[in-house]
Amino acid sequence: MTEPDFLGTARTFYDTIADDYVDWIRGELDAKPLDRALLAAFAELARATGAGPVADVGCGPGRISAHLHALGVDVFGLDLSPRMVALARRDHPGLRFEVGSMTGLDLADASLGGIVAWYSIIHVPREELPRVFAEFHRVLAPGGHVLLAFQVGDHTLHAERPMDHPVALDFHRQLPGHVAGLLEAAGIPATARLVREPEEDEPGTKIRQGFLLARKPAAA
C-alpha cells in the first residue's frame, strides 16, 4: 500500500528538526501543572484498568513516555521519525521506542490498555482522523482509555523553516466537539474534555489547547 503523502512529509520534517526540537521542548511540562494533572489522571485510569500497556503514539523524543513511566505506567513510544526514536532511546534508555504510524499500528487487536496522542493528531488531515481512530479502537482492549492533546481551532497553520531548517509542515487545529464526535463514531466515546487558555510563557504560538479523554466501553 502506498504511504499517504502527509506521513512522508511529517517524517522528513521531524527527522530534520529533531535535534533542535529536543532542546526546545526540554522541561516544557515543568511549567504546565494542568497538563501534568491530566497526564496523572490518565495514568491512574490506565493503572486501574490493567488491560495492557499504554502506547504513546507520536512520542517524539519520549518526554511524555518518560513522564508516564515515572507515574507507574507500563508505556512504550511510537513515532514516524527514526531520528526522534533514536533520540528517545538515547535519552530514556530504560524505555521501549519504535518507528511506527498511527494510521496502521503494528499491534494486535485489543492489546493496549491505553493510548496517548499528545499533539500528534495535529499533523493528520481532518479527513484521515476517522481512519486513525478506527485503528485506536482496534488495538484498545475493552475499558482502555485514550488521551488526546491538540491546539484548538478550525484552520490549518502552514509552518515553514522552523529553527531555520529548510522544511515545512501543516499543523491542523481541531475543535474539541468535532474530535469527540469522531471518537464516538469510532466506538470510543469521550468521558471528559477541557480547553486550556494559553499560559503566560507558552512556547510557540499562543493558542488555546484542547484535551480529550475517551474510553472504549468495557465488554458486557
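The values are calculated or read from the model by the stated rules, or taken from the named source; none is laboratory data. Computed from a predicted model, the values in this text were never measured in an experiment. Quick reminder, even Gly has a Cβ in these numbers, built from the backbone with ideal geometry, and neighbours come from all protein chains shown.
Odds and ends about this structure:
- Among the criteria (1) surrounded by 18 or more Cβ atoms within 10 Å (Cβ to Cβ); (2) at pLDDT 95 or above; (3) not aliphatic (A, V, I, L, M), the one Asp74 does not fulfil is (1).
- All conditions but one from (1) over 25 Å from Gln209 (Cα atoms); (2) of a type outside the set (S, T, N, Q); (3) touching a Leu at 6+ places or on another chain (Cβ under 8 Å) apply to Pro93; the one that does not is (3).
- The numbered conditions (1) closer than 29 Å to Glu197 by Cβ; (2) part of a helix (DSSP H, G or I) are all true for Arg83 except (1).
- When region 122-151 is filtered for residues that are surrounded by fewer than 24 Cβ atoms within 10 Å (Cβ to Cβ), part of a helix (DSSP H, G or I) and touching a strand residue (DSSP E or B) at 6+ places or on another chain (Cβ under 7 Å), the ones remaining, listed by number, are Ile122, His123, Arg126, Val139.
- Neighbours by Cβ (under 7 Å, 6+ apart or cross-chain): first from region 23-37, within 15 Å of Gln209 (Cβ to Cβ); second small (Gly, Ala, Ser): none
- Matching residues, region 205-219, being touching a strand residue (DSSP E or B) at 6+ places or on another chain (Cβ under 9 Å), at pLDDT below 85 and either more than 17 Å from Ile122 (Cβ to Cβ) or not polar (S, T, N, Q) (or both): Ala219
- Subset of region 88-104 [part of a loop (DSSP other than H, G, I, E, B) and surrounded by fewer than 19 Cβ atoms within 10 Å (Cβ to Cβ)]: His92, Pro93, Gly94, Leu95, Thr103, Gly104
- Identity of the residue in region 69-91, touching a strand residue (DSSP E or B) at 6+ places or on another chain (Cβ under 8 Å) and hydrophobic (A, V, I, L, M, F, W, C), that ends up nearest to Leu7 (Cα to Cα): Leu80
- Near pairs, Cβ below 9 angstrom, 6+ apart or cross-chain, from region 89-112 (without any contact (Cβ under 8 Å) to a residue 24 or more places away in the chain) to any residue that is among the polar types (S, T, N, Q): Arg96/Ser65; Val99/Ser81
- Flag if Phe42 is farther than 22 Å from Thr103 by Cβ, in contact with a strand residue (DSSP E or B) (Cβ under 8 Å, 6 or more places away or on another chain) and either exposed (fewer than 14 other Cβ atoms within 10 Å of the Cβ) or in contact (Cβ under 8 Å) with a residue 12 or more places away in the chain (or both): yes
- Only one of the listed residues (Gly8, Gly60) is among the small types (Gly, Ala, Ser), assigned to a helix (DSSP H, G or I) and either surrounded by 20 or more Cβ atoms within 10 Å (Cβ to Cβ) or at pLDDT below 95 (or both). That residue is Gly8.
- Between Val167, Val195, Val179, the distinction of being surrounded by 16 or more Cβ atoms within 10 Å (Cβ to Cβ) and modelled with pLDDT of 85 or more belongs to Val179 only.
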